[in-house]
Amino acid sequence: AQSVTQLGSHVSVSEGALVLLRCNYSSSVPPYLFWYVQYPNQGLQLLLKYTSAATLVKGINGFEAEFKKSETSFHLTKPSAHMSDAAEYFCAVSWSGSARQLTFGSGTQLTVLP
Amino acid sequence: GAGVSQSPSNKVTEKGKDVELRCDPISGHTALYWYRQSLGQGLEFLIYFQGNSAPDKSGLPSDRFSAERTGGSVSTLTIQRTQQEDSAVYLCASSRQDSGNYGYTFGSGTRLTVV
């Protein structure tokens, strides 16, 4: 079965430091890839998506992600963390393009230290 | 509306009772999805609507779960004879199409607690 792996259920960074959240998927067939953010008691907000256009995708709030087919990865980065970035981040994949087949990673809780 | 609206935001119910969860998608979004987010289980797909029809109900965990959508807009997820394992956050999402070219906008969810 195809799967999505987010390495590190908890990541802590200092304010102003680089944020790197890892996501790997299990198929050699390039899927549709998404990153979502969930703030406490809120729904999922789309940060960015890859749909076979440019491999470097820019999203909201200064986040970006790079699709690397050879590594089957779609890691999320932000050059400088802000306190407001503290939240849970989910990587999601759809091989068919349909949200019915969206497979979510288990999530990474990001803590930003002052 | 501007976003996906779900109600109630929190629901506590007694085991064995029926509950109804409501989702009001973004205006014009024809595709609507229900997901369940359980502690330690991650997000799981429940059901998908295209307009008022549900071509994919494959994620519904049992026949106690049902959903409908009327007028191509509001959807209701009903859980009959609730069990403690039904406790979770139920998320609704909508999209212009069931396609990877569009992001899916999620509501804030309904936190269901069965006691």
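No lab work stands behind these numbers, since they all come straight from the coordinates. What you are looking at is a predicted structure, and each value in this text was computed from that prediction instead of being measured. No Cβ is skipped: glycine too gets one built from the backbone with ideal geometry, and neighbour counts run over all protein chains shown.
Annotations
- Residues whose placed amide H lies under 5 Å from that of B:THR113, excluding near-sequence neighbours: B:LYS11, B:VAL12, B:THR13
- Under 19 Å from A:LYS69, Cα to Cα: lysines that are on another chain or at least 8 residues apart: A:LYS49, A:LYS58
- Among the trypsin sites (Lys or Arg not before Pro) within the range B:1-67, those in coil by DSSP and having at most 16 neighbouring Cβ atoms inside 10 Å are B:LYS15, B:LYS17, B:LYS57, B:ARG64.
- Counting beta carbons within 10 Å around each of B:HIS29, A:HIS10 and listing the fewest first gives the order A:HIS10, B:HIS29.
- Our coupling estimate for the range A:59-73, obtained by passing each phi through the Karplus curve with A = 6.51, B = -1.76, C = 1.60 and θ = phi - 60°, is x, 7, 6, x, 7, 8, 9, 10, 7, 10, 4, 5, 9, 6, 10 Hz, Gly and Pro reported as x.
- Distances between placed amide hydrogens fall under 5 Å for A:TYR50 paired with A:LEU33, A:PHE34, all partners being 5 or more residues away or on another chain.
- Neighbour-count order for B:LEU112, B:LEU91, A:LEU46, A:LEU113, fewest beta carbons within 10 angstrom listed first: A:LEU113, A:LEU46, B:LEU112, B:LEU91
- As a proxy for reagent exposure, ranking A:TYR39, A:TYR50, B:TYR104 by other Cβ atoms within 10 Å from fewest up yields A:TYR39, A:TYR50, B:TYR104.
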